[in-house]
Each structure stands twice: as C-alpha cells, then as structure tokens.
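What follows is a set of notes on a single structure, which appears directly below.
What follows is calculated from the coordinates using simple rules that are stated; it is not laboratory data. Since this is a predicted model, take the numbers as computed values, not measurements. Methodologically, a virtual Cβ is constructed for each residue, glycine included, from the backbone with ideal geometry; neighbour enumeration extends over all protein chains shown.
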Amino acid sequence: MAVENRIAAARELAERVGGEAGDVHLLSFGRVNVALHDLGAAITMRSYDQALAQARNLKMPPSALTSRRARYMVDRALVPAPGHLQAEKAPQPPAAEIREARSDLTRPCASALL
C-alpha cells in the first residue's frame with residue numbers, strides 16, 4: 001500500500017507541475033517519469049498483468065530523455081507476455097534480480113538509442 005500511496009503523491013505533484021518538469025526546471029520529473037516508476041513498481045511486485053497493461057498504455061513522447069526511453073524499453077522487455085508465465089508453475093526471480101537486470105540493461109539500451 002505504501003508504494004501506491006507514493007506513486008499517487010508523485011502523480012499529484014506531476015499534475016501540479018503540468019507537463020514535464022524538464023521543460024520547466026531541467027529535471028527528469030513529470031507524468032512520464034511517474035508512469036515509468038509505476039510500471040517499475042508493478043514489475044518488482046510481480047503484478048505482471050497490471051505491468052503489461054501499463055506498458056501497453058504508456059506512450060513515450062519523442063521529447064522523453066534517452067534514459068527514460070531506455071528504462072521503458074527494458075521494463076517492457078521484462079514484463080512476461082500473457083500465457084508465457086504462470087505464477088504457480090514458473091519460478092519467480094527475486095525482486096533484487098529484477099532490479100539488477102534493469103540496471104544492467106538500461107545503459108546498453110540507452111547507448112543503442114543514441
């Protein structure tokens with residue numbers, strides 16, 4: 001519940017900022033960044049149905065920072081496709097392994113985008 005509360009608070013702040021804070025304060029904060037963190041939280045908590053729906057609905061604007069686009073691509077790749085993972089039958093990677101995979105993949109993905 002704490003994660004949902006923090007994401008909701010961040011979403012509220014992003015709405016108050018309006019748009020992306022990079023346009024205003026040269027920060028990587030805004031609606032897109034909040035959506036990416038929400039997606040990452042769903043993956044880490046193994047809420048794969050929720051994560052897949054979020055990934056499909058998230059539209060990365062062309063102005064998004066390369067690091068944010070790379071993070072989206074890595075997170076999207078980590079979401080199992082429907083039917084490819086059944087929680088009862090397939091082993092689940094620990095949350096630490098998911099975070100490590102995201103870290104290991106984000107930099108090469110960002111480099112490929114440049």
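A few notes on this one:
- Residues S63, S28 in ascending order of nearby Cβ atoms (within 10 Å, fewest first): S63, S28.
- Order of I43, I7 - criterion: other Cβ atoms within 10 Å of each residue's Cβ, fewest first: I7, I43
- Amide H to amide H, with H built 1.01 Å from N, G30 comes under 5 Å of A21, counting only residues 5 or more places away or on other chains.
- Separation of the A2 and S63 label points, Cα + 7 Å toward Cβ, nm: 3.5
- Residues D75, D38, D49 arranged by fewest to most Cβ contacts within 10 Å: D49, D38, D75
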